[in-house]
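Below you'll find the structure, written out as structure tokens, and then a few comments.
Nothing in this text is a laboratory measurement; each read-out follows from the coordinates by a stated rule. Nothing here was measured: the structure is a model prediction, and the numbers come from that model. Cβ coordinates were reconstructed from backbone atoms using ideal geometry, including for glycine residues, and neighbour counts include every protein chain displayed.
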Amino acid sequence: MLEKTDKRARAALFRARLAEAVARQGLSQAALARAIGADRSTVSQLLHGEDARLPNAQLVAETARALKVSADWLLGLTHRPESAADLMATVIDMPEAPRAMVDEILFRWHREAQGYKVRHVPASLPDMLKTNAVLAWEYETTLAKSAEQAIQAAEERLAWQRGNRSDYEIAMPLHEIASFCRGEGYWTGLPVAARLEQIDWLIALHDQLYPGLRIFLFDARAVFSAPVTIFGPLLAAVYLGRHYLAFRDAERVAAITAHFDGLIRAATLGPRDWPDHLSRLRAEVGQGCASPRQG
């Protein structure tokens, strides 16, 4: 937090930061004078004068533009020298998400977060936990990524997790896993055999990866979350469909992390409950196979 500064101290800070920015840009006093439309004596006064007065707003603005810094930084109102536009570009990004959460940019973010806890709310089932059959069924109608590419990406992510590179927490709505097991909603048309294989694979992965991988189920009627992945303190990416909305500033990453922690606190079922819950759902699917109405 910036403290209140008296006039003389602020003027001295302005001169110091101006000199720093001029040196960083490699400009002479004459070059700076031409860039801001002032004479050399004015620039010399800005850099070396002992006056407690600051230059007028127009001169500060032109100087900041010429030196590619923010006027607020020159005046000591912020610790960040970037302009507002550059700062926003640094802390908020919107990269393309071609199809789903199994693409290279997301995997790169995982690698950057090695050693940190990764928190994830998937759009459906977590892609790295899906079987090849489920991924092939999902990607059979997309042109952006082939099923083979999706399978390879998911396998690479799972191999990364097996290496214990990061502690991983996943929070999902209760209805999402239930819809999958029953072949409802998004999963309508997915064969029973593929669903049973997926359930068995999820149980096996829990046995292999717990406690490095922990899955929580929450009631979406009580709490809600958009798909999001939080890479330790480094970055939080909200999945929009065709793009991610990625935040790198500490304040927003902390706020989204707090949101995820709220999902965990509100979870109806925790990691220790996950295998038994899946087994109950599997039994329902198995019973349904005997019904002539089941596909």
Grab the Cα-Cα distance for GLN114 and ALA31, subtract it from 0.36 nm times how many residues apart they are, and report the gain in nm with one decimal.
25.3 nm
Taking the Cα centre of region 7-81 as origin and charging only Cβ (+1 Lys, Arg; -1 Asp, Glu), how large is the dipole, in debye to the nearest 20?
160
For region 93-288, count all C-alpha to C-alpha pairs, find those more than 32 Å apart, and express that count as a whole percent of the total.
10
FRET E, pair ASP6, ILE264, Förster distance 45 Å, beta-carbon r, rounded to 0.05
0.40
Suppose R0 equals 25 Å; then what is the FRET efficiency for ALA178 and GLN208 from their Cβ-Cβ distance, rounded to the nearest 0.05?
0.60
Quick one: net charge around VAL134, please, counting Lys, Arg +1 and Asp, Glu -1 for every other residue with C-beta under 10 Å from its C-beta.
-1
Would you tally the net charge around GLU169, using a Cβ to Cβ cut-off of less than 9 Å, leaving GLU169 out, and scoring K and R as +1, D and E as -1?
+2
About the Cα centre of region 93-288, what is the dipole size in debye to 20, counting +1 per Lys and Arg Cβ and -1 per Asp and Glu Cβ, all else neutral?
260
Please sort by residue number the trypsin sites (Lys or Arg not before Pro) in region 163-235 whose DSSP state is loop and whose Cβ has at most 13 other Cβ atoms within 10 Å.
ARG221
Could you compute the FRET efficiency for ALA255 and GLU156, with r as their C-beta to C-beta distance and R0 at 30 Å, rounded to 0.05?
0.50
With 0.36 nm assigned to each residue of separation and the Cα-Cα distance removed, ASP200 to GLN287 gains 29.8 nm
Run the simple label-point estimate for ILE105 and THR188 please: 7 Å along Cα→C-beta, distance reported in nm.
3.2
